[in-house]
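S.K.: First the structure, then my questions, so here it is.
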Amino acid sequence: FAFLPVLAGAAVTWKMVRNSQRLLDADWLALLAEITAERGIARPPELLVCERLPLPVTCGLRHTRILLPGSAYDWTPVRRRAVLLHELAHIERRDLAAQFYVHAVAALWWFQPLVWMLRRSVRAESELACDAMALAAGVRPSQYAAELLDIAKGLPRNTALANFAGISMARRGDLETRVRHILGASAGLWPQKWNWAALLVLSAVAVCSSTVTAKAKQSLHQSGDFIMKRSLLSGLLASAGLSAATLTGTIFDPSGAAIADARLSLINPDTGQKLETSSGPDGKFAVGDAPAGEYILRVEKPGFSPLLREFNLKADSNIERGLIMNLGPVEQQVRAEGKGRPADSLAASPPSRIRVGGKVEQANLIRKVQPVYPAEAKTAGLQGTVELEAVISKEGVPLEIRVVRSPGEELSQSALEAVRQWRYRPTLLNGNPVEIVTDVIVNYTLSE
């Protein structure tokens, strides 16, 4: 049963090949001959065109073929070269045989979850390696990323089976990771001889049922200006329907005066992405080009207590907030709730929130992630209670979380990262779900 998707994928690929025609375009064939000569590929693959195919696919263990969609005749020279470089890299690396071997190992050791994890990792790393080989051949990263995203626009949901018998140029789920590697790097390649060594390690891990996670990372060197790459990435993701979000607002002190030159860091704990900016002379700030996800905002200014807030940014959203920084320790941190704030700083505040007691809302908690006790806090003997105030959405997802009181910054960060993953049952008011504001208590106690 575990091997059935491979057989079904082979049948789908065979049907696509039967419905294809040989590509006889002179420009395509000349480009294929040029690249295979540069790569030293002794047996060039056959180029076929399938009208119903949405994107390029490489298939065939004995007779390798590259299937192209019907639109390939109208592609620009840049796209033709990018596609051939990527697909020929799969052939040069013998990824088709490697993928078949990985599927066989996963089918034999179907009961071992680690094998399925490693199978996904091997597939993802092969795509990164082929992208890197295409960049090493001279394709500009920005052009390559743009072509990849444009090709992925037409990606349907019914290509999964074909991926078990062939390798398509784009897959759902790993597109953003590939674009980040492309724009953030030039070619740092995993040597080809290590490819089969990794598969032998996979087999050994499967047989021994090891609990050690082994995942090779594609090494890619940093290049270009960060701001330029971030703006370019945002534009490319927007063109592919992966729009970015924007967070804006104003920083105030307790008297209502604007705070200039406050340092803001917007961090995504899941991906490690970090965006930084500073408030202007009028206290206003803007953090843009942020992909959708959950973020922690940290605001710092000498003489003020650090401010930590949690936001759930959605695609195309434009959130504006007024924030207050207090003098003194972390325990005095509070957030502006509209008193004396300019009207535009509260433009995004929902009008239909109700406050629910922490003990009452605790009964609606359906998923609780235990916080990790920070090693630094343990070493320093730091313990106590972190008090948070959270805004829970109508779906039961924490939207905004602020620190009300905490023994220290390490415990605040740990509590924020845990609570943002909690999920609640929707709270109903007159039969309709509403957003709520509630208190959350997280205790940290050192064992005797």
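S.K.: Limited to region 1-27, what total is found for residues that are under 21 Å from Leu84 (Cβ atoms), open to solvent by 30 Å² or more (accessible area, probe 1.4 Å) and not aliphatic (A, V, I, L, M)?
M.R.: So the answer is 4.
Here's the yes/no breakdown for (1) charged (D, E, K, R); (2) crowded, with 19+ Cβ neighbours inside 10 Å:
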{"residue": "Pro113", "(1), (2)": "no, no"}
{"residue": "Ala132", "(1), (2)": "no, yes"}
{"residue": "Leu135", "(1), (2)": "no, yes"}
{"residue": "Tyr144", "(1), (2)": "no, yes"}
{"residue": "Glu147", "(1), (2)": "yes, yes"}
{"residue": "Asp150", "(1), (2)": "yes, no"}
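S.K.: I need the full set of residues from region 358-376 which are open to solvent by less than 70 Å² (accessible area, probe 1.4 Å) and assigned to a strand (DSSP E or B), in order please.
M.R.: Leu365
S.K.: Is it the case, given these coordinates, that Arg52 is within 32 Å of the chain's Cα centre (by Cα) and not in a helix (DSSP H, G or I)?
M.R.: Judged against the criteria, Arg52 is a match.
S.K.: Right, another one. Go over the candidates Ala30, Ala42 one by one and state the one that is more than 19 Å from Ala89 (Cβ to Cβ), among the hydrophobic types (A, V, I, L, M, F, W, C) and open to solvent by 10 Å² or more (accessible area, probe 1.4 Å).
M.R.: After applying the criteria, what remains is Ala30.
S.K.: Every residue in region 62-82 that is crowded, with 24+ Cβ neighbours inside 10 Å and closer than 17 Å to Pro141 by Cα, please.
M.R.: Residue satisfying the conditions is Ala82 alone.
S.K.: Which of the residues spanning region 427-437 are polar (S, T, N, Q) and either open to solvent by 70 Å² or more (accessible area, probe 1.4 Å) or more than 25 Å from Tyr295 (Cβ to Cβ) (or both)?
M.R.: Those that are polar (S, T, N, Q) and either open to solvent by 70 Å² or more (accessible area, probe 1.4 Å) or more than 25 Å from Tyr295 (Cβ to Cβ) (or both): Asn430, Asn432.
S.K.: Would you confirm whether or not region 373-393 contains a residue that is in contact with a Gly (Cβ under 8 Å, 6 or more places away or on another chain), of a type in the set (S, T, N, Q) and modelled with pLDDT under 90?
M.R.: no
S.K.: Shifting gears a bit: Among what's in region 377-426 and is hydroxyl-bearing (Ser, Thr, Tyr) and within 13 Å of Ile441 (Cα to Cα), pick the residue that is most open to solvent (accessible area, probe 1.4 Å).
M.R.: Across region 377-426, the extreme among qualifying residues is Thr385.
S.K.: What do you reckon, is Val360 modelled with pLDDT under 75, under 16 Å from Glu389 (Cα atoms) and in contact with a strand residue (DSSP E or B) (Cβ under 9 Å, 6 or more places away or on another chain)?
M.R.: Considered against the rule, which asks whether it is modelled with pLDDT under 75, under 16 Å from Glu389 (Cα atoms) and in contact with a strand residue (DSSP E or B) (Cβ under 9 Å, 6 or more places away or on another chain), Val360 comes out as yes.
S.K.: Looking at region 294-317 only, could you name the residues that are open to solvent by 20 Å² or more (accessible area, probe 1.4 Å) and touching an Asp or Glu at 6+ places or on another chain (Cβ under 8 Å)?
M.R.: Glu294, Lys301, Phe304, Pro306, Asn312
S.K.: With closer than 23 Å to Ala245 by Cα, of a type in the set (Gly, Ala, Ser), touching a Ser or Thr at 6+ places or on another chain (Cβ under 7 Å) and modelled with pLDDT under 90 as the only criterion, which of Ser349, Ser345 stands out?
M.R.: Answer to the selection: Ser345.
S.K.: Show the residue pairs meeting these rules: Cβ distance below 6 Å; 6+ apart or different chains; first residue within region 414-427 and of a type in the set (A, V, I, L, M, F, W, C); second residue open to solvent by 20 Å² or more (accessible area, probe 1.4 Å).
M.R.: Ala415/Pro371; Ala418/Val369; Ala418/Pro371; Trp422/Lys368
The values are calculated or read from the model by the stated rules, or taken from the named source; none is laboratory data. Model, not experiment: these values are computed from the prediction. Here the Cβ is made from the backbone with ideal geometry for all residues, glycine too, and neighbour counts use every protein chain on show. Heavy atoms of the whole protein, side chains included, go into the accessibility calculation; ligands, DNA and RNA do not. Shrake-Rupley method; radii C 1.70, N 1.55, O 1.52, S 1.80 Å.
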